[in-house]
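The values are calculated or read from the model by the stated rules, or taken from the named source; none is laboratory data. All figures in this text were calculated on a predicted structure; none of them were measured in a lab. Cβ: placed from backbone, ideal geometry, glycine included. Neighbour counts: every protein chain shown.
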Amino acid sequence: MKKSPVITVVAIGIGAALFFVLGRFVAIPSPVPNTNIALQYGLLAFMAALFGPVAGLLIGLIGHALIDFSYGWGIWWSWVIASAVFGCLMGLVSKKIRLDEGVFEKKDALSFNLFQIVGHVIAWGLIAPVLDIVMYAEPANKVFTQGLVGGASNIVTTAVVGTLLCVAYASAKPRKGSLKEEK
Amino acid sequence: MDDIIIQFEHFGFQYHAQSEPTLHDINLTVRRGEKILIAGPSGCGKSTLAHCINGLIPFSYRGESSGSLRIAGKETKELSIFDISRHVGTVLQDPDGQFVGLTVAEDIAFALENDCVQEPALHERVQKAAAMVELEDHLRHAPNELSGGQRQRVALAGVLVDDVDVLLFDEPLANLDPATGKAAIELIEQVQKQTGAAVVIIEHRLEDVLHREVDRIVLMGEGRILADTTPDELLSGPWLRDSGIREPLYLTALRYAGVEIRAEMAPRSIRTLRLSDDEKAKVRGWFAAVPPAEERPPRPVLLDVQDLHFTYSGKDHETLRGISLRVGQGELLAIVGRNGAGKSTFSKVVCGFETQQSGTVRFHGEDMAALSIKEHADRIGYVMQNPNQMISKVMIFDEVALGLRKRGLPEDEVKRRVEETLRICGLWPFRSWPISALSFGQKKRVTIAAILVLEPEMIILDEPTAGQDYRHYTEIMEFLLTLQKRGITVAMITHDMHLMLEYAERAVVFSRGRIIADTDCAAVLTDPAIIGEANLKETSLYALAGLCGIADGQAFVRRFIDYERKELRP
Amino acid sequence: MTNIFNYIDRPSPIHDLTGATKLVCLLLWSFAAMMTYDTRLLVLLVVLSLILFRVSKIRLSDVRFMLGFTAVFMVLNNLLVFLFSPQHGVELYGTRHVLFSLGGSYVITKEQLFYHLNLFLKYLASIPVALLFVCTTNPSEFAASLNRIGVKYTVAYSVALALRYIPDIQREYHEISQAQQARGVEMSKKENLIRRLKSAGAILIPLILSSMDRIEVISNAMELRCFGKNKKRSWYMARPFTKWDWLAMAGSALLLAAALLLNRLNGSRFWNPFA
């Protein structure tokens, strides 16, 4: 892919649109009744790993804020900020792996998943509940339980969907030279 | 003042990621007010050349250039992309990608906003540009409220807000139906007359661009300029034949009739073409000599659709308003009509993606209403336009196997059926390749193979050849013919008139949710009422028949089709 | 789905305010509603927001489905709070007036009920304003507004691009999903979780890879039309401020100031009638 400052602007816009569509309209039932799997975090992890922390932060922030707006309940800031923090932390892995060059090997998958686990733990185990308490004065045990359940489910989703997307993206970059037709 | 606006001198370019240069020793001069057509097959370097002219190279795509390229007298190496865009306005191939504003007005204003143009100049200039492309009544419309042709006009207005010296069009006809394409070419000429800008059109659909005069055609191949001459010279010369570019259909017919094409005949357009009495007689003689094809025996009915009605939820008008259609086993038919006429919706209902409000779809006499989307796919397969929208696996084998595995077949059965399908589709030599290593046409085959492996008796393809040059087009269509020979029924949704004429046995014409014609292609493409209603374009063969004094133009077109099928593809 | 954000084009004094003003007011207002648990101020905010709703000429029927979501969210959240922490009110207000017991630790207290009342009032104070913003702000004006209140224009334009391409991506998702379902890809409850996620991958991969191509095309189109040339840019949809804009912003600022003042006077965010 080409590189230019405008690419990042567009990646944020399209990333946020994808985040929105997956978060708002794509419902995959999860094992917990009445809850859905948040596919958008697999996407966010992938986009952040490809475009870096600033893009990750803004995709999470804009995408999540737009979802809240579309439901009409205003913005639930604590969770929006948590999404942004996850995107940002996840973006740090872009310095370690070379996904943009189409490389994604076993050890890269390991780093990717290490970062996503740490990112989700910080975002949902720490940021979201603490902000819920500070901003909305909600009871601590409620928000921490919510955070842990959400975080764990997001970790599984990201591990499967995010890793799949990275593998697919890396292998969609054509590499020449090693292929021969077989008869 | 010098009127040369673009000048390439011994120019070459190599992308950083590639081992070979993409452009070699390009020498090309464009003057103010000129109109140039750059043609060539996929991969000939014409898009790279366009990127060099509009500045995306070297500013967005890195690489090594040699020689000199001057725009308005300055070396592009010394300019920024912003300097270049003051001189060159680009209309990209994909009107959705170029339409970045939320409404028409905002998109037209985009370049001005970036230039910090303030009110009231901002609104005035948008208004003026919109008027030039006749969109002043659509300023508040969102992109999905516009047709493909209108979106393209927005793109044009978006570059006309600045007074550019060059208008660069990258494959302007690729996404348009025939009548809209014709209108686009007329609009380009009109805008050029108003602004005096030079026009550079990159396009491989020669006959459609030549609907209006161009000054020169630059033919490219393998990164070099093969010819740079007037349309008359080019069309009568030897270059086109083996370059993967299709010559205008009337010239093909003339060659079949044994008429030698010379520049003095003004072959650039059917309207300018001059034939001697002798040559006309040759055409008439050929017409008389080709025997009419025998009537095909009627085929048993495979798909029987009765009075289908369909409305999308949330819409207040019906998209399908009583469609009845019979498709025979082993047929190859074209479904045509303007955008939004209901062609795609019809296919989606037939494939079980959407459910009709009333009417029946029978397959081998069985009502399909009770079948699931998966069971529909075992009978009728649907192939999307863009193969990238269907491919979800890394390896070819896995992609083709997906549907079987999801149906829970044992792995040895999966292997057997996938391998057989890969052989049929000519993908056997590539069976262990990653899909990313394939060309567009090969990817298309993979998506078709992934559908065929489920052994449907019929497949529906949405625009199977969109955006393909002649060589790839032929490759895909010949492949579909081999499928038809194996007994598979093929229906194609298409805007491509050549495809209809050359391959389809029958054309079904949709308009506003109804079928307005269901007959052979020669009849459709020579009937002005249908052509107008469905945004098609009369075939130039019909005009050629008139020029040669053949009264029954439709019979002439039919004869041409029969000749091609019999003589060239026995 | 052309109007996911439910913008309703029906002239009213609220529509006449610039998008930037409404954005500032929304932020100030929701910050005020978030900061305070003072019941008196919350009631005032609720009354004011209902009046504004009236002025905006938005009808209840226009926002019925959004209100539905919100009501579910509101009830669910209150329920969760109660389930996890039935004595939260007691902790906050420091007294305990038992009304009746549901068994176990689930004792209903006046404090808990008062806390829930405040929680409901907080929603009621902020939701109508958020709805108002969504329904009366033209999405086209949104990016210009963000830029006006100090967000970098590149970021503001990212938001505009997201709004522009959501319908396209939604349609593409739908088409890809249908084609993959025909091949047998399923995401229903019949499959186990990991397989369900992998099926989602079969739809997401084509969607995301084609979106990557889209990113390249769009960024080319934007560069060719000079995006990023200057430190600033103008906006076709921007409008000048009028005195009403300034008034609205001043009013909202006043409400926030009141919230902060009450926090100081009450000694905490809570107004305590039990003490």
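Observations on the model:
- Unmet criterion (only one of (1) closer than 21 Å to A:Ala17 by Cβ; (2) surrounded by fewer than 21 Cβ atoms within 10 Å (Cβ to Cβ)) for A:Met90: (2)
- Extreme residue, nearest to C:Val90 (Cα to Cα), among residues of segment A:107-156 that are among the β-branched types (Val, Ile, Thr) and over 15 Å from the mean Cα position of the chain (by Cα): A:Ile133
- Within segment C:107-133, considering residues that are more than 12 Å from every other protein chain (Cβ to nearest Cβ) and of a type in the set (A, V, I, L, M), the one farthest from the chain's Cα centre (by Cα): C:Val107
- Scope segment B:339-370; condition surrounded by 17 or more Cβ atoms within 10 Å (Cβ to Cβ), part of a loop (DSSP other than H, G, I, E, B) and out of contact with any Phe, Trp or Tyr (no Cβ under 8 Å at 6 or more places or on another chain); matching residues: B:Gly352, B:Met368
- Screening segment B:140-210 for helices (runs of 4 or more DSSP H) wholly inside it with 3 or more residues that are under 25 Å from B:Asp3 (Cα atoms) returns the ranges B:148-160, B:178-195.
- As for segment C:4-12, it holds no residue that is modelled with pLDDT under 90, in a helix (DSSP H, G or I) and crowded, with 18+ Cβ neighbours inside 10 Å.
- Test: residue in segment C:134-141 that is in contact with a Lys or Arg (Cβ under 8 Å, 6 or more places away or on another chain) and either part of a helix (DSSP H, G or I) or at the interface with another protein chain (Cβ under 7 Å from one of its Cβ atoms) (or both): yes
- Sole residue being more than 8 Å from chain C (Cβ to nearest Cβ) and touching an Asp or Glu at 6+ places or on another chain (Cβ under 9 Å), chosen from B:Ile53, B:Ile84, B:Ile38: B:Ile38
- Flag if B:Met500 is surrounded by 22 or more Cβ atoms within 10 Å (Cβ to Cβ), under 14 Å from the mean Cα position of the chain (by Cα) and in a strand (DSSP E or B): no
- Complete set of residues in segment A:61-120 that are touching an Asp or Glu at 6+ places or on another chain (Cβ under 8 Å) and at positive phi: A:Gly74
- Condition check for A:Trp79 on (1) more than 11 Å from every other protein chain (Cβ to nearest Cβ); (2) not in a helix (DSSP H, G or I): one failure, at (2).
- B:Ala377 within 9 Å of another protein chain (Cβ to nearest Cβ), under 19 Å from C:Ala179 (Cα atoms) and not aromatic (Phe, Trp, Tyr): yes
- Candidates B:Ala293, B:Ala281 - the one that is in a helix (DSSP H, G or I) and surrounded by fewer than 18 Cβ atoms within 10 Å (Cβ to Cβ): B:Ala281
- One residue stands out among those in segment C:88-106 that are free of Cβ contacts under 8 Å to residues at least 60 places away in the same chain and at the interface with chain A (Cβ under 9 Å from one of its Cβ atoms): the one that is farthest from A:Ala140 (Cα to Cα), which is C:Glu91.
- Positions within segment B:106-123 being at the interface with another protein chain (Cβ under 7 Å from one of its Cβ atoms) and within 19 Å of C:Asp168 (Cα to Cα), in sequence order: B:Glu106
- Any hit, segment C:185-206, residues being among the charged types (D, E, K, R), closer than 29 Å to B:Leu402 by Cβ, surrounded by 18 or more Cβ atoms within 10 Å (Cβ to Cβ) and within 14 Å of chain A (Cβ to nearest Cβ): yes
- The lone exception for B:Ile530 - which of (1) closer than 20 Å to B:Phe346 by Cβ; (2) within 14 Å of another protein chain (Cβ to nearest Cβ); (3) free of Cβ contacts under 8 Å to residues at least 24 places away in the same chain it fails: (2)
Listed here are the residues, each with its yes/no results for (1) surrounded by 22 or more Cβ atoms within 10 Å (Cβ to Cβ); (2) more than 30 Å from B:Leu167 (Cβ to Cβ).
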position: C:Ser177; (1), (2): no, yes
position: C:Arg183; (1), (2): yes, yes
position: C:Val217; (1), (2): no, no
position: C:Ala250; (1), (2): no, yes
position: C:Gly267; (1), (2): no, yes
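- Of the candidates A:Lys173, A:Lys106, the single residue that is facing another protein chain (nearest Cβ under 7 Å), of a type outside the set (Phe, Trp, Tyr) and surrounded by fewer than 22 Cβ atoms within 10 Å (Cβ to Cβ) is A:Lys173.
- Matching entry among B:Gly487, B:Gly467, B:Gly549 (being at pLDDT below 90, part of a loop (DSSP other than H, G, I, E, B) and on the phi > 0 side of the Ramachandran plot): B:Gly467
- Of everything in segment B:381-414 that is under 25 Å from B:Met492 (Cα atoms) and either more than 8 Å from chain C (Cβ to nearest Cβ) or among the acidic types (Asp, Glu) (or both), the residue that is surrounded by the fewest Cβ atoms within 10 Å (Cβ to Cβ) is B:Gln385.
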